[in-house]
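Where a number appears in this text, it was derived from the coordinates with a stated rule and is not lab data. Treat the numbers as computed from the prediction; the structure is a model and nothing was measured. Counting neighbours? That spans all protein chains shown, and the Cβs are built from the backbone with ideal geometry, glycine included.
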């Protein structure tokens with residue numbers, strides 16, 4: 001499994017927590033930072049998935 005997938009999943013989870021905390025506290029800045037971090041994590045996870053597929057294809 002690509003490290004990008006692991007790191008992306010961690011960023012996505014962290015972003016979700018920050019976004020939720022921002023909503024609960026009414027802190028729009030924290031909410032926005034969390035949403036942005038979640039989006040970065042999703043993108044990084046997608047890159048990791050592509051890397052894994054490429055690796056599998058090359059092993060065949």
Looking at residue 56, is it farther than 18 Å from residue 4 by Cβ, part of a helix (DSSP H, G or I) and without any contact (Cβ under 8 Å) to a residue 24 or more places away in the chain? no
Checked the stretch 1-45 for anything outside any helix (DSSP H, G or I) and in contact with a helix residue (DSSP H, G or I) (Cβ under 8 Å, 6 or more places away or on another chain); matches are 1, 2, 27
